[in-house]
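Below is one structure, written out as structure tokens, with a few remarks after it.
The values are calculated or read from the model by the stated rules, or taken from the named source; none is laboratory data. Bear in mind the structure is a predicted one, so any value in this text is a computation, not a measurement. Cβ sites come from the backbone with ideal geometry, for glycine too, and all protein chains shown count toward neighbours.
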Amino acid sequence: MRLYILFGFLLLAVICSCGVDASQVKFGPLCSGNPSNHIRECDKKGCGAYGAPRNNGKGKHEGLDIVCADGATVFAPFDVKLNGKAVPYRVNNAINDGVNLSGGGLCFKLFYVKPIKYSGTLKKGQKIGTLLPMQKVYPGITSHVHVQMCDRSDPTNGDWTHECLDIVCADGVTVLTPFDVMLNQKAAPYINQPKKEPINNGTTLSGEGLSFKLFYVKLDRYSGTTLKKG
Ligand SMILES: [Zn+2]
């Protein structure tokens, strides 16, 4: 990845970042408000990782939960074909909807989403639908889209989370520009997670033909400024 090489050479251990180079990202954002496809952490209802325990340890989580607020827009993560309705539960409730999808050589399902349609095709970034009211069914849960591969394999094999790069950086250390950049707008990695507020900051940058974000960084200004390398 070009950004990795640039950062690796120029800024080892100096920048903390989560860099996104849109042109090289295989899986685009799945939900509005969660540009890095952040996975649901553990809450009182369970954890979002693939294989996490379910039903008091009798079962395991057969998908991956991507954080998404109730009512948020769910996007096609790449060009997809819609292959009919998919439902998570036998007994109906307010979030019992979803869709079967294929694309990029993958077959998968999205649950808890009300799709705009159940057949046809969508381009990467187009709206698939809206997240259903999960808080009504599971109050206090981290609302999310459940991603499940048709063969129930680990979705992270398909790079759902590989949009970011973490560069080691101590708390309070100065973050430098890796090359001449333009500050575009403020960017925050989390939504609706009050505990994360102390680090919920960052910026969108462009330069050297790349567009990317740095998270967990506090800036004096977030837009309208060009900064020279270093
Ligand atoms: Zn799930």
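For the stretch 140-152, the set of residues classified as surrounded by 15 or more Cβ atoms within 10 Å (Cβ to Cβ) and modelled with pLDDT under 95 consists of 149 only. Would you check if residue 153 is within 21 Å of the chain's Cα centre (by Cα), part of a strand (DSSP E or B) and among the small types (Gly, Ala, Ser)? So residue 153 fails the test. Considering the stretch 81-107, the residues that are within 19 Å of the chain's Cα centre (by Cα) and at pLDDT 95 or above include one that is nearest to the ligand (Cβ to nearest atom), namely 98.
Among the residues making up the stretch 13-36, those that are outside any loop (DSSP other than H, G, I, E, B), modelled with pLDDT under 95 and of a type outside the set (S, T, N, Q) are 18, 22. Considered as a group, the residues in the stretch 48-70 that are assigned to a loop (DSSP other than H, G, I, E, B) and exposed (fewer than 14 other Cβ atoms within 10 Å of the Cβ) include one that is nearest to the ligand (Cβ to nearest atom), and that residue is 51. Taking the criterion of being part of a loop (DSSP other than H, G, I, E, B) and either surrounded by fewer than 21 Cβ atoms within 10 Å (Cβ to Cβ) or hydroxyl-bearing (Ser, Thr, Tyr) (or both), the residues of the stretch 123-139 that qualify are 123, 124, 125, 126, 133, 138, 139. Only residues that are in a loop (DSSP other than H, G, I, E, B) and within 12 Å of the ligand (Cβ to nearest atom) were counted in the stretch 140-150, giving 3. Looking across the stretch 37-47, the residues that are assigned to a loop (DSSP other than H, G, I, E, B) and within 11 Å of the ligand (Cβ to nearest atom) come down to 40, 45, 47.
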